[in-house]
Amino acid sequence: MSPRGVSTDAALHRLVVHNGRVNPILLSSAAPHSALRHEIVVKRSRFLAAVARVPDAAAARAFIDAERAATPDARHHCTAFLVSVPGAAPQSHSSDDGEPSGTAGRPMLDVLTGSGVTDIVAVVTRYFGGTLLGTGGLVRAYSDAVRECLEGARLVERQQVPVWQAFLPHAYAGRYIAKVFDAGETVEPEYLEDGVRVSVMTDDGERLRAELAQLSGGAITLEQEGSAVVERSWGHIRSGKAVNDWIRSGKAVNDAIND
């Protein structure tokens, strides 16, 4: 379901370009223990993928170190991460960790980049099964391990949303406070001697202000008091389909509204 008070129009609005780009799409949880995990077996070689959300490159490297320490007997720990940098291009990294050059880390990074998700790290731990897979086989194995690990991952969208403060005199609060609640996500109302004050996060503040002023003859006021960074549920990755392709297909619109 959409967040309380977010209309169909608002759900659609979340999928359009903001400030020249689509808002960042992230894995839903930042907790290291909630890493996504998946294993595939190719000709007796085991490929154990772990994918997690991270806030920066330092956290990505810490996650990689922890995965390496947890399976010291494995033959390879191939890695990739992609993290956003404020005001700059995203920072990326990949490592083949002893596999032939270009057969592991880079294909893993390509899957992360193609997914449309950012602030993400992947580690694929390989236990050698005794059969050489060749360069093509390695590329497919490492790519598939990460891609399949991401399937079904729940996503959130990071947004910067205007915060508006409404003041409703008691004479109007009972009739019109529901319009404020329906406009977006709100904090607990503050009940004062002369009325009710409530803050609401909404992209539709100007329209709401005009509507409330007209209904109350100007007695209800609504003023912008800043903005807040919020994360809202955005559905989940379907069958390995890249998020950017999902948006272009139009399917994301229905998922954002109905999820």
Report summary line: Here the FRET efficiency for residue 224 versus residue 170, based on Cβ atoms and R0 = 22 Å and rounded to 0.05, is 0.40
Report task. Starting from the amide H of residue 235, placed 1.01 Å from N in the peptide plane, find each other amide H under 5 Å away whose residue is 5 or more places distant or on another chain. Result -> 155
Query raised in the report: Which loop-located GluC sites (Glu not before Pro) does region 158-199 contain, where loop means any DSSP state but H, G, I, E or B and the Cβ has at most 14 other Cβ atoms within 10 Å?
Result: 193
Requested in this report: Please tell me the relative contact order of region 119-247 in percent, rounded to the nearest whole number, where contacts are Cα pairs under 8 Å and at least six residues apart.
Outcome: 35 percent
Query - Taking region 178-225 and dividing mean pair separation by its residue count, relative contact order in percent (alpha carbons under 8 Å, at least six apart) - result: 28 percent
Query - Fully extended contour minus Cα-Cα distance, from residue 214 to residue 101, at 0.36 nm per residue - result: 34.0 nm
Query raised in the report: For region 30-152, what's the relative contact order in percent, using C-alpha pairs closer than 8 Å and at least 6 residues apart?
Result: 35 percent
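No lab work stands behind these numbers, since they all come straight from the coordinates. Note that the structure is predicted; figures quoted are calculated from it, not measured. So basically every Cβ, Gly included, is an ideal-geometry build from the backbone, and we count neighbours across all protein chains shown.
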